[in-house]
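Taking it in order: structure first as structure tokens, then the write-up.
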Amino acid sequence: MPLYEYYCSDCNGVFELLRPVRESSKEQPCPECDREAKRLMPLDIQTFTMRDGLPRRIPDRGTYWHLGKEVARPVNEAARAWEHPDLDIDPPMKPPTPEEVDAFNHQLDVDIEQEMEAAANGMQAIQPQKNLERAKFLERLVKTGGADRLRPRGADPSADSTD
């Protein structure tokens, strides 16, 4: 049964009732003052339409939703579970800025010094996260054609100054 709201003008009270649809327009006695209360028309109306067998809110922009993200079409081809083919597209890679390349070169020099000190003390540093970050940056650099901006290993950093 639907839930309806009623308003009592005598005591200024609002109350809700579960009633059959055929009795919804009839006045109802107020639980406070026992006088007749009229039904309130709802201000928030949710309207739906059916498209492709699914309920759609109106206004319908003609798009679909997949796990909270808006997509242009439903999944209608082979795809892995919980993934949408349109959402798996990687954005185009941007070439690293000169500042990013300089920061990478500097961090690489610092890491090499730390690894050499650790090796001199008989310790071996295993840092898979740093290696993964380096590999991703190098892959981005190579794919965007900026590998020539890397400083050769062992080169003097002061020689990089541009005039």
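The values are calculated or read from the model by the stated rules, or taken from the named source; none is laboratory data. Just so it is clear, the model here is predicted, and its values are computed rather than measured. Neighbour counts are summed over all protein chains in view; Cβ atoms, including those assigned to glycine, are modelled from backbone coordinates with ideal geometry.
Odds and ends about this structure:
- Positions within the stretch 15-44 being among the aliphatic types (A, V, I, L, M) and surrounded by 12 or more Cβ atoms within 10 Å (Cβ to Cβ), in sequence order: L17, A37, L40
- Subset of the stretch 54-87 [surrounded by fewer than 10 Cβ atoms within 10 Å (Cβ to Cβ) and under 26 Å from D44 (Cα atoms)]: P55, I58, P59, R61, G62, L67, G68
- Yes/no for E99 being modelled with pLDDT of 80 or more and closer than 30 Å to L150 by Cα: yes
- Restricting attention to the stretch 112-128, the residues being of a type in the set (S, T, N, Q), surrounded by 10 or more Cβ atoms within 10 Å (Cβ to Cβ) and either in contact with a helix residue (DSSP H, G or I) (Cβ under 9 Å, 6 or more places away or on another chain) or outside any helix (DSSP H, G or I) (or both) number 1.
- Filtered by the rule that a residue be among the small types (G, A, S) and either at pLDDT 80 or above or touching a Pro at 6+ places or on another chain (Cβ under 6 Å) (or both), the stretch 111-134 gives A118, A119, A120, G122.
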